[in-house]
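Below is one structure, written out as structure tokens; the observations come after it.
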């Protein structure tokens with residue numbers, strides 16, 4: 001895949017190195033040529049000096065042939081404009097904007113921009129690590145608003161059905177690991193002793209999940 005990265009800070013440089021090592025063709029754009037030093041001597045992609053939302057700069061970066069673009073500068077506004085241009089003007093299939101202000105995530109979503117908020121994810125994850133939780137978070141999705149978690153089914157829920165333990169739009173059982181096998185359950189599947197249950201849950205609904213499962 002041909003990937004353009006706007007912003008060559010620590011995240012941009014690390015992303016470029018990772019994607020390059022995975023065999024992708026990577027072009028990094030930054031207004032400061034000195035920033036490219038973070039890429040290191042092993043980086044085999046291209047670099048373009050310029051503003052990441054400038055049309056001519058994007059054309060030089062090869063956006064007309066790009067399969068994806070990630071805007072990870074220090075400016076939320078720059079990231080939004082760059083990803084919107086990529087999606088609307090150049091029809092880039094995938095565009096992701098980094099967010100510093102998690103409050104803007106919903107606005108970006110309505111504009112059709114996929115976002116990742118390191119602030120929201122970091123707050124949620126640190127709180128999780130500092131406090132005890134029976135729910136083991138595997139990964140945060142999107143801007144950190146949805147988590148994939150796993151929990152061993154408690155004794156009181158053995159024999160209950162998936163349907164009984166689902167909150168529409170908030171908590172959903174996505175898989176069960178049982179006796180060495182993981183499978184996709186139906187709403188009528190009943191929990192058994194020792195089941196490891198994998199759920200998707202809104203970060204704002206974690207207390208409802210706790211109340212339902214404990």
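List of remarks:
- Those residues of the stretch 27-43 which are surrounded by fewer than 12 Cβ atoms within 10 Å (Cβ to Cβ) and in contact with a helix residue (DSSP H, G or I) (Cβ under 8 Å, 6 or more places away or on another chain), in sequence order: 40, 42
- Only one entry of 147, 195 meets the criterion of being more than 27 Å from the chain's Cα centre (by Cα) and outside the structural domain of residue 95 (by TED's automatic domain parsing), and that entry is 195.
- Wholly within the stretch 1-62, strands (runs of 3 or more DSSP E) carrying at least 3 residues that are closer than 23 Å to residue 76 by Cβ: 2-6, 25-30
- Filter pass, residue 186 being part of a loop (DSSP other than H, G, I, E, B), more than 22 Å from the chain's Cα centre (by Cα) and farther than 18 Å from residue 147 by Cβ: yes
- Residue 55 vs. criteria in the same structural domain as residue 9 (by TED's automatic domain parsing), touching a strand residue (DSSP E or B) at 6+ places or on another chain (Cβ under 9 Å) and either over 17 Å from residue 115 (Cβ atoms) or buried (at least 17 other Cβ atoms within 10 Å of the Cβ) (or both): no
The values are calculated or read from the model by the stated rules, or taken from the named source; none is laboratory data. This is a predicted model, so every value here is computed, not measured. Heads up, the Cβs are rebuilt from the backbone with ideal geometry, glycines too, and the neighbour counts pull from every protein chain shown.
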